[in-house]
Amino acid sequence: MADIKVDGLPFKEAIKFFQNKLVIPSRQWRDLVGPVHSKAFTVAGAAKLAIATDFYNAVNQVIESGGTLNDFRKEFDRIVDKHGWSYNGKRGWRTRVIFQTNKITAYMAGKWEQLWRMREYRPYLQYLTVGDERVRQSHQRWHQKVIRIDHPIWRLIYPPNDWLCRCGVRSLSQDDMEEEGLTESTVEMPRQSDTLDPETGEVTREYDGIGFGWDYNVGMEWLGPEKAFGQQLMEVPADLRQAALNNIDLNHFENPFKRFSNKVAYQVVKGKTDIDSGAIGVGYFNNIVINELADELRYPTNAAVAIRDKSIAQMLNGSPSQSIALSSINQIPAILRNPDAVLYNQSTQSLVYAKQGDNGYLALSVTIAGQGELNYVESAFTVSGTELINGPYLLLFGSLAGAN
């Protein structure tokens, strides 16, 4: 089988997508499937973080340099020898799956970012197979279909749609459509089926024509919220979650959040009052907090924390004694990453993340996710250590100045 060819790789969007992935060890390929692959780099069976990290660095090096599968195979052999790693499957198949899967998902995610930026001028996408005898019949049905980029079907069928899928898309302007005599295709969403595992009670969802775990858009999930990744973190074994959380570089939240909060502040200054159009990820619960919440019977269903634009607007629009400065709001990802204390509010059954400053503590009130939800920073306030110590709070993590 020839290597998958991806024109223009490397390019900055593809490299950025791959380099922003989090390295997570896993025991089997089903440990991490679906949208979580947009956030995480994992190699099935590489249950030690050191092995997974070496594989990540090897793939990253080859992607950055525009290298080939053979280049990766040399690194694969070196890593296997270094760690004495025993793996399932033949070397040729295993290396192809690891390398091509990460290479093509990085490429297609980067391409989606480019396509989405140009959607006003090129609003159509055409699905394309490579046109040979090895094309899956289930993917052939979409070949040459022309669909608007904002159609919900692209959340499911944007390639790749299975292991080693070689499908792609091209963008089209209205002029392209007229010049080539194309019209918008009529399409139906892929049929969904749910299967119950009688032993575990787990329900798996699959879509007709799409391989298990590939029913997501690699670019859209990366640009979207942290929901899928945070939920998967809560579903993997505790030791794997701990390894993942230990290896997450949470600094990557800060610059996107500053851009987001600055846009909200600009809208507030302009007098806009109906701000309620989006949210952004700002961090994750650490494993200590998750375990302490479990002891309080408030086990979260998601590890990710987000904030809505309307919550930022409310912080900025508070009374003079209650409003929070933009410079303080911009510290939210850092506070979640490195709080002085995390407390459980027994009255509201929410969390308080506290960071000491010159005038007491800057505290964040964080809701705890229910089923299918995210944890959200709902408000921020300044408070003294004494108020936190004497209030309806249970200390889960860290310490407070003045506490015995």
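For the reader, a short list of remarks on this structure follows.
- Every residue from segment 123-138 that is modelled with pLDDT under 95 and either touching a Ser or Thr at 6+ places or on another chain (Cβ under 7 Å) or closer than 13 Å to G219 by Cβ (or both): V135
- Every condition in (1) without any contact (Cβ under 8 Å) to a residue 60 or more places away in the chain; (2) surrounded by 10 or more Cβ atoms within 10 Å (Cβ to Cβ) is met by D194 except one, and the failing one is (2).
- Segment 93-147, residues that are in a helix (DSSP H, G or I), aromatic (F, W, Y) and under 26 Å from the mean Cα position of the chain (by Cα): F99, Y107, W112, W116
- Selected residue (only one of N302, N262 is in contact (Cβ under 8 Å) with a residue 40 or more places away in the chain and either of a type in the set (D, E) or surrounded by fewer than 15 Cβ atoms within 10 Å (Cβ to Cβ) (or both)): N262
- Test: Q126 is under 17 Å from C167 (Cα atoms) and surrounded by fewer than 14 Cβ atoms within 10 Å (Cβ to Cβ): no
- Only one entry of M108, M177 meets the criterion of being buried (at least 16 other Cβ atoms within 10 Å of the Cβ) and over 26 Å from D208 (Cα atoms), and that entry is M177.
- Selection within segment 265-296 - free of Cβ contacts under 8 Å to residues at least 24 places away in the same chain and under 20 Å from P333 (Cβ atoms): Y266
- Against the list (1) under 21 Å from Q100 (Cβ atoms); (2) without any contact (Cβ under 8 Å) to a residue 60 or more places away in the chain, the condition E178 fails is (1).
- Residue match in segment 266-277 (condition: surrounded by fewer than 12 Cβ atoms within 10 Å (Cβ to Cβ), of a type in the set (V, I, T), at pLDDT 75 or above and not in a helix (DSSP H, G or I)): yes
- The lone exception for R170 - which of (1) surrounded by 12 or more Cβ atoms within 10 Å (Cβ to Cβ); (2) modelled with pLDDT under 85 it fails: (2)
- Residues in segment 257-287 that are within 18 Å of the chain's Cα centre (by Cα) and among the β-branched types (V, I, T): I280, V282.
- For R308, the conditions (1) under 17 Å from E378 (Cα atoms); (2) under 22 Å from the mean Cα position of the chain (by Cα); (3) surrounded by fewer than 18 Cβ atoms within 10 Å (Cβ to Cβ); (4) among the charged types (D, E, K, R) all hold with the exception of (3).
- Checklist (1) touching a strand residue (DSSP E or B) at 6+ places or on another chain (Cβ under 8 Å); (2) at pLDDT below 75; (3) part of a helix (DSSP H, G or I) applied to H252, failing item: (1)
- Only a single item in (1) under 20 Å from G318 (Cβ atoms); (2) surrounded by fewer than 19 Cβ atoms within 10 Å (Cβ to Cβ); (3) under 20 Å from the mean Cα position of the chain (by Cα) is not met by A334, and it is number (1).
The values are calculated or read from the model by the stated rules, or taken from the named source; none is laboratory data. Predicted, not measured: the structure shown is a model, and the values here were computed from it. So basically every Cβ, Gly included, is an ideal-geometry build from the backbone, and we count neighbours across all protein chains shown.
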